[in-house]
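Beneath this line is the structure, given in structure tokens, with notes to follow.
The values are calculated or read from the model by the stated rules, or taken from the named source; none is laboratory data. Small disclaimer: the values here were computed from a predicted structure and weren't measured. Quick reminder, even Gly has a Cβ in these numbers, built from the backbone with ideal geometry, and neighbours come from all protein chains shown. We work out accessible area using only protein heavy atoms, side chains counted, and drop any ligands, DNA or RNA first. Shrake-Rupley method; radii C 1.70, N 1.55, O 1.52, S 1.80 Å.
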Amino acid sequence: MRLLLRVYPRRWRDRYGDELLALLEAEPLTWRARANVVAAGLVERTRGSGPGHLRVLWGWAFFVVGGMAFQKTSEHWQGVFPSGHLATPTVAFDTVQVAAVIGSAAVLAGVALALPAFVRDLRRGGWTALRRPLLAAASGTIVAAASLLVLSHDHALAVGVVFVLSAIFALFASTHAAVAAARRLPSQRVYSVLATGVTLTMVVMVGAATAWFAAVTVRSPSFVGATQLAVTGAFMLTGVALAVTRTRTA
Amino acid sequence: MNDPGLLILTSLSSGPKHGHALLLDIDEFAGVRLGPGTLYGAITRLEERGLIEPLGADDRRRPYRLTAAGAEALEGSLAGLRRIVDVGTARLATA
């Protein structure tokens, strides 16, 4: 049961953890209650992520997972599509690609702008506070890179699963580390502008990906599986929801 | 009407309660079974806004009570709901 509480940020657990635990022990712990606690814990994690633009960073991390699923789902789609009806899905697909490049560039620009202040903070003692998240991110990245290397020689399913899981872990651990580091830095208006740009690219990508899925499903119903659609949609919409919420709460 | 914050404020208007007592009371008067995560999410928000405050912990359970600001917020929300009920009732009667 204590494991469930790990979903919440430590600061929240220190304040409310014992109370929530007492409540969970007082009632039969159903799967619905467990899911409710996990969802609420994730909300607390994103709420505790500081200014609005940092929430967009979390949104982008979720969106990237959805984008990876979309990329995998859409591989070689032109080959199964009737050649006379390529215009709409091609425009939609290209729109997703262009928006992804713009969004990634905006995120990287934010990272580059924050880098000098981040390095200064590390030199002034920030390392002690950031050591754990930075080491977690580095470990995840090393495992993901190593499994990718193995995957290039050995296409075993187990290696593929390790790669996907470690890549997702590395992505979220890196986002956690970036948010923890950014909370220690002075906020600048430019971050807010970049965050708005990233949010817009996510909205555009959701629209274009929906148009692509619709066009492909109509012409080649068997090309897109329900699981792929669900995974892509769930992560993309979670990302957009986090980013859009930022504009209301920031 | 199942806004967790409003349900908690309404429950606390009859006196301090801890998490489990809040769940049972809300279930009884509103027929709404809040999830444990939803309940504590709403408690967190209400406490941040100064609408409720914790009392001394009783073992691991901590009772909460309504603050003056919380009572005022509850009054305002109930007045708003009352207006909607009145308008809806009147319109249904003339329909």
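Is it the case that some residue within segment A:167-174 is open to solvent by 60 Å² or more (accessible area, probe 1.4 Å) and under 16 Å from A:Trp58 (Cβ atoms)?
yes
On the given criteria, is B:Ala57 more than 12 Å from every other protein chain (Cβ to nearest Cβ) and at pLDDT below 95?
No, not satisfied.
A:His155 is checked against (1) farther than 14 Å from A:Ala114 by Cα; (2) touching a residue at least 24 places away in the same chain (Cβ under 8 Å); (3) not in a helix (DSSP H, G or I) and fails just one. What number does that condition carry?
Exception for A:His155: condition (2).
So which pairs qualify, if the first residue must be in segment B:22-40 and more than 13 Å from B:Asp3 (Cβ to Cβ) and more than 9 Å from chain A (Cβ to nearest Cβ), the second must be open to solvent by 60 Å² or more (accessible area, probe 1.4 Å) and modelled with pLDDT under 95, the Cβ gap must be under 7 Å, and the two must be at least 6 apart or on different chains?
Filtered contacts from segment B:22-40: B:Asp27/B:Arg33.
Residue-wise test of (1) crowded, with 20+ Cβ neighbours inside 10 Å; (2) at pLDDT 95 or above; (3) of a type in the set (Val, Ile, Thr).
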{"residue": "B:Met1", "(1), (2), (3)": "no, no, no"}
{"residue": "B:Leu7", "(1), (2), (3)": "yes, yes, no"}
{"residue": "B:Leu12", "(1), (2), (3)": "yes, yes, no"}
{"residue": "B:Leu22", "(1), (2), (3)": "yes, yes, no"}
{"residue": "B:Ala30", "(1), (2), (3)": "no, no, no"}
{"residue": "B:Gly35", "(1), (2), (3)": "no, no, no"}
{"residue": "B:Gly41", "(1), (2), (3)": "yes, no, no"}
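Checking the condition surrounded by 15 or more Cβ atoms within 10 Å (Cβ to Cβ) and either of a type outside the set (Ser, Thr, Tyr) or out of contact with any Ser or Thr (no Cβ under 8 Å at 6 or more places or on another chain) (or both), which residue from A:Val216, A:Val203, A:Val190, A:Val161 passes?
A:Val216
If only one of A:Glu75, A:Glu44 is within 26 Å of the chain's Cα centre (by Cα) and open to solvent by 20 Å² or more (accessible area, probe 1.4 Å), which one is it?
A:Glu75 is the lone residue from the list that is within 26 Å of the chain's Cα centre (by Cα) and open to solvent by 20 Å² or more (accessible area, probe 1.4 Å).
Testing B:Leu46 on (1) modelled with pLDDT under 95; (2) surrounded by fewer than 19 Cβ atoms within 10 Å (Cβ to Cβ); (3) within 14 Å of chain A (Cβ to nearest Cβ), one condition comes back false. Which one is that?
(2)
Pairs, please: C-beta under 6 Å, at least 6 apart or cross-chain, first residue more than 7 Å from every other protein chain (Cβ to nearest Cβ) and in segment A:17-41, second of a type outside the set (Asp, Glu) and outside any helix (DSSP H, G or I)?
A:Val38/A:Val7
Going through segment B:10-21 one residue at a time, which ones are away from every other protein chain (no Cβ under 13 Å) and part of a helix (DSSP H, G or I)?
If the condition is that a residue be away from every other protein chain (no Cβ under 13 Å) and part of a helix (DSSP H, G or I), then B:Thr10, B:Ser11, B:Leu12 are the ones that fit.
When you scan segment A:81-97, how many residues do you find that are over 26 Å from the mean Cα position of the chain (by Cα) and open to solvent by 60 Å² or more (accessible area, probe 1.4 Å)?
Looking only at that region, the number is 5.
Failed condition for A:Ala230, given (1) closer than 17 Å to A:Val64 by Cα; (2) surrounded by 16 or more Cβ atoms within 10 Å (Cβ to Cβ), with all others met?
Result: A:Ala230 passes all but (2).
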